[in-house]
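> Below you'll find the structure I mean.
The values are calculated or read from the model by the stated rules, or taken from the named source; none is laboratory data. For clarity, every value in this text was computed on a predicted model and none was experimentally measured. With ideal geometry, Cβ positions are generated from the backbone for all residues, glycine too; neighbour counts draw on all protein chains shown. For the accessible areas, the whole protein counts, side chains as well, though only heavy atoms, and no ligand, DNA or RNA atoms are used. Shrake-Rupley method; radii C 1.70, N 1.55, O 1.52, S 1.80 Å.
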Amino acid sequence: MSTLFGGSGDRASETPIRGEEDLLLTFRSGEKPAESFGIGIEYERLPVSRETGLAVPYAKRSVSPSVERFLETMEERHEWRAEREAGHVIALEKEGTRVTLEPGAQVELSGRVHRDLASAREEVDRFLRVSDEVAASQGFAFIGLGYHPFTDFTQIDWVPKGRYRIMAPYLATRGHLAHGMMKGTAGCQVNLDFATESDAMEKLRVAMAISSIVTAMCANSPLSRGQANGFASLRSHIWLHTDPDRCGVLEFAFREGDRYADYAGYALDVPMLFVVREGRWIDMTGRTFRSFLAGGTAGLTPLLSDWEMHLTTLFPEARLKAYVEVRGSDSGSPDLILAQAALWKGLLYDGRARARAWELVRGASFADRVSFHRAVVRRGLRARLSGVEALDLAQELVRLAEGGLERGEIPHLEPLRRIAFEEKRSPAETLLDLWRGEWGRDARRLAASLAPAPRAA
């Protein structure tokens, strides 16, 4: 489930597309029996100075810490295989685990497929032990927040990737906060399998329907430029102002009985960003994939790899590829990230839990869902859907997930249970109290407190 940007790269992906029916092959390739279901985690964190809390840049500059130096150290001392572009390290891989970079040098762990949550935790812990040690030795830390707490996105340099040189100017025309999304935010994604077309679309529908509740539970970006910003999840607010064509809550996804073709139809009409030929990133902005199929462009033949890449440039709250990916959460502590994986596994892999989760929100209109999502970004668990507070919905989701998990996996849910039943507020509220109180608005205290403590081997 690792999200290697740009398609799978196998021979089948290089096959020319003969018609729209071929597009569905990407989805069908993910079908597998329930006993083979896995789970994957993508975990983004922000690199910040331990002294100032300011963003650590990608590029090496004299003796200052940099993400590029961090990646090189991981390669040299810990046997990670580096991927380079124009001479710069832009990704790492080791034993199926990938480390990739977002446009502002946010570092993302893109995990392997795991059959159980214990295995996923081992992978996360193993990576954190090494990466946090290397970062600390270079004077910075990785923190799990949804947005940079002190550095404005305009002060963050771009990672030198070819695709970002195309994305950045185009998305700037689509939303005034698009560059803030690219350079300032960090999130968590959980990837899940499906057995059949109907199973995939049901999981997508339920995930889309309850994603805003999970956003509320995990809201964790109330600071920016060193000040409270008035949002529980500034990250989610920024996504609402990035690109209306490819972001947000999708109305068609709530229809029962949808098929792969419905998602493909949506994707066909979203403007493209780029394709890759012989290592070159080719600008495709200004045309939809449907128009690309109809006539090609500049002599280019549409390939399945182009379609696979296009699907990764769509950013709704839940999306479909060869698996279902839920995307609505701010970054957080490692334990909270693993709790989200447990929540989604318990809700979507158990048929009874999935059906009951849908019933919780089934009666809401699309307008209500959009309004609720917009309220969540500011009010977190205080937002209401059709008169019901998000906190009450969150408590029920945690109960349902517990019922959908194996007994030995239930403890992974504890951080979310604590939020829903004991603290009864999102991490954003707790963070603000600490910032204004115990931490004394001190950037060093924030960085030290949010940087994960070394984990035992």
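> Apply the Karplus curve 6.51 cos²θ - 1.76 cosθ + 1.60, θ = phi - 60°, to the phi angles in region 304-320 and return the couplings in whole Hz, x for Gly and Pro.
4, 5, 5, 5, 4, 5, 4, 4, 6, 9, 9, 10, x, 4, 9, 9, 10
> Would you mind getting me the FRET efficiency between residue 18 and residue 421? Use the beta-carbon distance for r and R0 = 35 Å, nearest 0.05.
For residue 18 and residue 421, the calculated efficiency is 0.05.
> Could you tell me how far the Cα centroid of region 32-52 sits from the Cα centroid of region 303-345, in Å?
10
> Using alpha-carbon pairs under 8 Å, 6+ residues apart, how would you state the relative contact order of the chain in percent?
Relative CO of the chain lands at 22 percent.
> Let me ask something else. What list of ³J(HN,Hα) couplings, whole Hz, do you get for region 398-411 from phi and the Karplus terms 6.51, -1.76, 1.60, once you set θ to phi - 60° and write x for glycine and proline?
Result, rounded to whole Hz: 4, 4, 5, 5, 4, x, x, 9, 5, 3, x, 9, 4, x.
> While we're looking at this one, here's another question. Got a number for the accessible area of residue 132? Probe 1.4 Å, square angstrom, nearest 10.
Roughly 20 Å² of residue 132 is accessible to a 1.4 Å probe.
> Right, another one. Could you give the C-alpha radius of gyration of the chain expressed as a fraction of 2.2 N^0.38 Å, taking N as the number of residues it contains?
0.93
> Could you pull out the pairs from 32/345; 183/345; 203/424; 32/203; 161/183 whose alpha carbons sit more than 19 Å apart here?
183/345; 203/424
> Could you list the GluC sites (Glu not before Pro) in region 242-301 that lie in coil according to DSSP, counting only those with at most 10 other Cβ atoms within 10 Å of their Cβ?
Sites meeting the loop and neighbour criteria: 256, 278.
> Given contacts defined as C-alpha pairs under 8 Å and at least six residues apart, what's the relative contact order of region 51-188, whole-number percent?
In percent, rounded to a whole number, it is 25.
> In addition: For region 341-352, take each phi angle, set θ = phi - 60°, evaluate the Karplus expression 6.51 cos²θ - 1.76 cosθ + 1.60, and give the result in whole Hz per residue in order, putting x for glycine and proline.
So the Karplus estimates, Gly and Pro as x, are 4, 5, 4, 5, 5, x, 7, 9, 8, 9, x, 5 Hz.
> Can you give the relative contact order of region 320-457 as a percent, counting alpha carbon pairs under 8 Å and 6+ residues apart?
Relative contact order comes out at 28 percent.
> Sticking with this one: How much accessible area per residue does region 33-137 have, in Å², with a 1.4 Å probe?
Here the per-residue accessible area is 41 Å².
> Find the centroid of the Cα atoms in region 210-236 and in region 63-95, then give the distance between the two in whole Å.
Answer, in whole Å: 31.
> In square angstrom, what is the accessible area per residue of region 353-405 with a 1.4 angstrom probe?
Normalised by residue count, the accessible surface of region 353-405 is 43 Å².
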